[in-house]
Amino acid sequence: MRDSVVCRVLAAVALAFAAPAAARVADVQTAAPSPAQLPDDQAAMKAHVMFLASDALRGREAGTPEYRIAAEYVASRFFAAGLKPAGDKGGYLQSVPLLRYQPADHGDLVLTAKGGAPMPLVFGRDFVPGAVPGKPQFALDAPVVFVGQGIVAPKYKRNDYAGVDVRGKIVAFLGETPTSFQSEERAHFASPATRTTIAAEHGAVGAILIEPGSVSEAGWDRARMTWAYPDGTGHVAGVPLIATVSGAGASKLFAQARAPWEKIAPRADDPTAIFKAEQLPSVLTVALKTSSEPLESANVAGLLPGTDPTLSREVVVLSAHLDHLGVGPPVNGDSIYNGAEDNAVGIAALIEAAKRFRTSDMPTRRSILFLAVTAEEEGLIGSDYFARHPTMPAAKIVADVNFDMPILSYAFQDMTVFGANRSSLGPIVAQAVAALGVTMSPDPDPAEGFFVRSDHYRFVQQGIPSVFLWPGQAGPGKAAFENFLKHRYHQPSDDLSQPIDWAQGLRFVAANCAITRAIADAPDRPRWNKGDFFGLLYDGPGAK
């Protein structure tokens, strides 16, 4: 730890515990029942959440001193559980270089048609600018090619780039995605990062997202985050997203095109529409300014070695995100977004799972890596960094089981396991949870695309079979889940004032330990189902 970080951490601790005694007592008193009323294992799980979701840690925002305190706490718990350090330089922490960035001004976008006068696009009416992390000045001068929704999906016989050459050019695409696609696959394509990645694969140098109506100036200059390369530039998925352009701006982009905007606009919001790609008549000159701030953060990694002479070289990852939203807009006078269920409970489950495996008289054949990641709330950044820069040989990581926001306010009767139907993990998970008297249920909200929205997905993108588990929505589960989303999700009320049934926390831990053990002891490593969309897309084992 660098001296500056040490000073900030010590200062944060001093400030937290210099708070008025009455305030500290009130914070602790929200955490009824008392330890005497809880069995030791439930009390241990609750104790982790009491610390991690306390006001003193101010919401554990990635890159803050309070997040660093949380990371050091998890490292200490990994040490107490007997895990071997699996971070950088012989320690538990893997340094994750973060970069916070945002547009520094409105930017300049100017269209020039052949033989015509330059035509500036108007900020707020025609466009709002993007930002390029780590590049204070970004300039581009290139033709624009309209590529419909910007999708290439051979499975669905879809290629929006057919008939055009976008090498060295800027692509413009609409944001809709086909409703005919399978829900998780549609969610994959709905991400602008997927479209900009496809653009890069076709040789484009920049991208524009077209919003058929107006563009909102609200939040145009909001701060974003990514991880940084050693040269200080930020990681970007694919090509830079230069701007979001409105219908008014699109009219200018499409001026004199074979298919003018007036013909495209009526179908622009139709997810079933297919458009013919076309190079537009004008050249776009782009000048963007971006302000960037480097930040320090860390993943926390501890390894429990396996016992099999051969299989112990392979690793099953158990992951959970440690960060939350920090301090934000006050709600009912409370501005600290504590993140108790999201995801202090997940981290507590990770720690308690480590303790169970370490003290078991049946060690696993494969090794298990317990991984607490940073900056999930900023876009799955810490898990992306680890998946691309693992602290062990990447080829030896055989699966990821992810804990994220398990709702523990009810006695769950089933478990929802995202990704179970895509690989050989599905039967393993079903058998493991059945042994505990729990059934496995399909995704109750497929339109939400949860499969691509948590840290396991960064392992999927490296071709690694992965699953993400939640207590299910059978019986009282649906009402409890909807109540949490409405009243507590990403709000200051996600704290210890809410009802949490710690006995359900232990059931959740037990289910995940059973799943992990089954994976770790299986004779063969997990494989994608033959022909699976994600397995093929990311060249995973067994998919071809």
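The values are calculated or read from the model by the stated rules, or taken from the named source; none is laboratory data. Remember, it's a predicted structure, so these values are computed and weren't measured experimentally. Cβ sites come from the backbone with ideal geometry, for glycine too, and all protein chains shown count toward neighbours.
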Look at Ser54 and say whether it is out of contact with any Lys or Arg (no Cβ under 8 Å at 6 or more places or on another chain), within 25 Å of Leu496 (Cβ to Cβ), at pLDDT 95 or above and among the polar types (S, T, N, Q).
yes
Just for strands (runs of 3 or more DSSP E) wholly inside segment 146-256: which have at least 1 residues that are of a type outside the set (Gly, Ala, Ser) and free of Cβ contacts under 8 Å to residues at least 60 places away in the same chain?
170-174, 206-210
If you scan segment 508-524, which residues turn out to be surrounded by 19 or more Cβ atoms within 10 Å (Cβ to Cβ) and not hydrophobic (A, V, I, L, M, F, W, C)?
Asn512, Thr516, Arg517
Quick one: would you say Gly463 is in a loop (DSSP other than H, G, I, E, B), assigned by TED's automatic domain parsing to the domain that holds Asp404 and surrounded by 15 or more Cβ atoms within 10 Å (Cβ to Cβ)?
yes
Among the numbered conditions (1) among the hydrophobic types (A, V, I, L, M, F, W, C); (2) touching a residue at least 24 places away in the same chain (Cβ under 8 Å); (3) out of contact with any Leu (no Cβ under 6 Å at 6 or more places or on another chain), tell me where Leu485 comes up short.
(2)
For segment 273-363, which fully contained strands (runs of 3 or more DSSP E) count at least 3 residues that are closer than 30 Å to Val110 by Cα and over 30 Å from the mean Cα position of the chain (by Cα)?
278-304
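Residue-wise test of (1) closer than 21 Å to Leu280 by Cβ; (2) among the charged types (D, E, K, R).
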| residue | (1), (2) |
| --- | --- |
| Lys157 | no, yes |
| Ser180 | no, no |
| Ser183 | no, no |
| Ala187 | no, no |
| Ala193 | no, no |
| Gly206 | yes, no |
| Ile210 | yes, no |
| Ala223 | no, no |
Single match in Leu506, Leu496, Leu469 (criterion: touching a residue at least 40 places away in the same chain (Cβ under 8 Å) and in a strand (DSSP E or B)):
Leu469
How about segment 241-259: which of its residues are touching a Gly at 6+ places or on another chain (Cβ under 8 Å) and surrounded by 24 or more Cβ atoms within 10 Å (Cβ to Cβ)?
Ile242, Ala243
Is it fair to say Phe534 is under 30 Å from Ala394 (Cα atoms), touching a residue at least 60 places away in the same chain (Cβ under 8 Å) and part of a helix (DSSP H, G or I)?
yes
Checklist (1) touching a helix residue (DSSP H, G or I) at 6+ places or on another chain (Cβ under 7 Å); (2) small (Gly, Ala, Ser); (3) surrounded by fewer than 21 Cβ atoms within 10 Å (Cβ to Cβ) applied to Ala139, failing item:
(1)
